[in-house]
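For reference, the structure discussed in these notes is given below.
Every number here is computed from the coordinates shown, using simple stated rules; none is lab data. Quick caveat: nothing in here was measured; it's all calculated off a predicted structure. Glycine also receives a Cβ, built like all others from the backbone with ideal geometry; neighbour counts cover every protein chain displayed.
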Amino acid sequence: MFKTGDAQRLKRQIDRFNVPMFIAQRYQDTGSFEVLALNARHESVTGLSTQAIRGKPITDLLNAKQAAAVSRKYEKCLTEKATQRYREVLDLPEGTMIWDTTLQYLPMPDGPDRIIGSAVVLERIERDDHDEIAFEDMRYLATTSVCELGKISALLEAVEQGIYAPDILSGSAGMLAGLCRTIDSRLDDIRSAAERRIAERATRAVTRSGLHLIKDAGDAPGAQDEVDTAIAALVGLIEQGTQHDRLRRQAG
């Protein structure tokens, strides 16, 4: 179980679990990793599919920072040959999610060793639309500023082309001053909108900074849940079978 090279067969095996699961291994002797299969629950939650991700390094599936952090966790699991549990934030097709992830080490008789992963979504981070709203405000204010500048430009061009005598400018000084004040006010509104947005982002960064870090097992709940325990037991049985097969081949 979990040892076949057939991705669809691997998928059928982990589809038996009603918790997001995946199987991964090192990608072509590199520092990156690839996901061999996702179960149906994982596909439903994340929007990924086994067919779409098969044969691709995780650097193609996640942004550079997240891919590097995930690779370090996978590497630690393989190096220590021990279970790893941690929390992580991943940007996926179905949105940004906070996961409680468990990795189980699975030795392989031939080929690279594998990782059996299971995960639970702790929280979905809703898309932040504050930037979009702020930029909509800025676009409106910038447009009105351009309109006011257009009025000044039209008057000056008319004087330059001889349509109006230069004396008209002295009579229009009050109007020009008013237009300049309007433009200055619009630019000040743009600056204020940008400053508010920067302050809002800083506030959220302080209150939610812990959610965007990959945490070690020590920060996760102390006891593994029933699913993790069951998967660990399965992997243990598989590992015992692998060791038995090796001893039998050596004896033969």
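Here are a few things to note about the model shown:
- Computed from the C-beta positions of CYS180 and ASP91, the FRET efficiency with R₀ = 51 Å rounds to 0.65.
- With a Förster radius of 51 Å applied to the beta-carbon distance between THR30 and ARG124, the computed FRET efficiency rounds to 0.95.
- Extension reserve of the ALA82-THR4 stretch, reckoned as 0.36 nm per residue once the Cα distance is removed: 25.9 nm
- Model label points for ALA64 and VAL159, set 7 angstrom from Cα along the Cα-to-Cβ axis, are 5.2 nm apart.
- Trypsin sites (Lys or Arg not before Pro) restricted to DSSP loop in the stretch 4-52 with at most 15 other C-beta within 10 Å: ARG16
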